[in-house]
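One structure below.
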Amino acid sequence: MSRYDFAVIGAGMAGASLAAELAGSTSVLLLEAEDTPGYHATGRSAAFWEECYGGPEIVPLTLASGPYLRQHGFLHRRGALYIGRDRDADALDAFLARFAGTGAAIERVGRAALRDRLPGLRPDWTGAVWEEACADIDVAGLHAHYLQLGRRREVRLETRARVSRLERGPDVWRIDTEDGRRFDADVIVDAAGAWADRIAGLAGARPLGIRPLRRTVVQLRTDPQAPADLPLVLDISGRFYFKPEAGRLWLSPNDEAPSEPCDAAPDELAVAEAIDRFEAVMGWRVEAVERKWAGLRSFAPDRRPVYGPDPRVPDFVWFAGQGGYGIQTAPAAARLAAQILLGEPRDEMTRGLDPSLYAPERFG
């Protein structure tokens, strides 16, 4: 085929999931700039399914995605603790109040429960909010699932296809890549992550201010070794999180450094800050930094994702700005966006979602 109903630009989790949902009754082209899909944010995620992650307006997408992720075996129960010191008691209470009524299952726990779940915790950490349902996500498995589903539904995947030009004709988009390939599509879907505003500019759409922020993660060898059943631990003030991974510890300082779209590299200062913050929490010895990496998490100005047709450019669609929660919300987000584009009714997964929360029109 030389002409497609939809051309989805970006084959990370966002693009792969939406392409798979659109395919079947439509023809779909999936374009990936890199040698392999998922090289950037998707391939570098320390993802977890955490009900409160992203705030109350993201909770509906997370909860709607949960059954699909569980059904297909992509979630592995871990539990999460938002921890604080005595001076953080008001912040812990405010956190509970913020998510009251959202459906997130969280509860306040005290010093004794905290010690049971976090052996080695320093004594000045005295309270927490516990989220039992938090789970690790098999990110690679989920991404492969959507790519395979797309293949079964005849999505055409083109890698090393960095888009260099988008031209709107009378009834079709012409897409040129840097290596000279050319494709036609009725609708362009911008699922380009950190590059979303750049793709919009090529299409003549107004950039929405989707900004990439660098997140650094390190893998530590510790003494004692991180127990396999250790929960995900997050600072209620947002200064770190850590979780076990195959006998090691994955740790982040929760940094959000503005970045140009790029192949992100870890920041050495962020690595040092992460270790310093960890040592203020746990009485474990850090024996070695075995690995360090960084990824870009891309946010719209209001930190909500953007799903739907551009209000000014015909047949140009946004599916971007999914921040750090794009993987845990992927099933519901892709299903909802496909239903919007295909004019299909909501189903059991998406019935409780409000598309207006995520529509591009909110930016005026």
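Comparing TYR241, TYR307, TYR53 in a Gaussian network model of the chain where C-alpha atoms under 10 Å apart are linked, the largest mean-square fluctuation is found at TYR53.
Rounded to the nearest 500, the 222 nm mean residue ellipticity of the chain from helices alone is -7000 deg cm²/dmol, with -39,500 (n - 2.57) taken per DSSP H run of at least 4 residues.
Taking the DSSP beta bridges with both ends in the chain, the antiparallel portion is around 75 percent. Measuring nothing but how far apart in sequence close Cα pairs (under 8 Å, 6+ apart) lie, relative to its length, the stretch 281-351 scores a relative contact order of 23 percent.
Sort the stretch 58-118 into rounded, prolate or oblate with this rule: let a ≥ b ≥ c be the square roots of the eigenvalues of the Cα gyration tensor; rounded if a/c is under 1.5, and if a/c is not under 1.5, prolate when a/b is larger than b/c, oblate otherwise. In terms of gyration-tensor shape, oblate.
The phi-based Karplus calculation (6.51 cos²θ - 1.76 cosθ + 1.60; θ = phi - 60°) puts the 3J(HN,Hα) values of the stretch 162-177 at 6, 6, 10, 7, 10, 10, 8, x, x, 9, 7, 8, 9, 10, 10, 10 Hz, whole numbers, x for Gly and Pro.
With the alpha-carbon atoms of the chain aligned to their principal axes, the span from lowest to highest coordinate is 68, 41, 37 Å, starting with the largest.
Between GLU154 and ARG87, the modelled labels are 6.4 nm apart [label points 7 Å from Cα along Cα→Cβ]. Taking 7 Å steps out from each Cα toward its Cβ at ALA280 and ASP347 produces label points 4.8 nm apart.
Here's the picture: a label point sits 7 Å out from the Cα of ALA246 along the beta-carbon direction, and within the stretch 262-306 the residues with their amide nitrogen under 18 Å of it are 288-294.
A simple rule links phi to the HN-Hα coupling: the Karplus curve 6.51 cos²θ - 1.76 cosθ + 1.60 with θ = phi - 60°, which for the stretch 241-254 gives 8, 8, 7, x, 8, 6, x, 10, 10, 9, 9, 9, x, 6 Hz, with x for Gly and Pro.
Across the stretch 30-36, rounded Karplus estimates of 3J(HN,Hα) from the backbone phi angles (6.51 cos²θ - 1.76 cosθ + 1.60, θ = phi - 60°) give 10, 10, 10, 6, 8, 5, 9 Hz, Gly and Pro being marked x.
Give the relative contact order (percent, whole number) for the chain; include only Cα pairs under 8 Å separated by 6+ residues. For the chain, the relative contact order is 22 percent.
A short reminder: the numbers here are calculations on the coordinates, not readings from a lab. As the structure is a computational prediction, the values presented were derived from the model and not from experiment. When we count neighbours, we look across all protein chains shown, and the Cβ atoms used for this are built from the backbone with ideal geometry, even at glycine.
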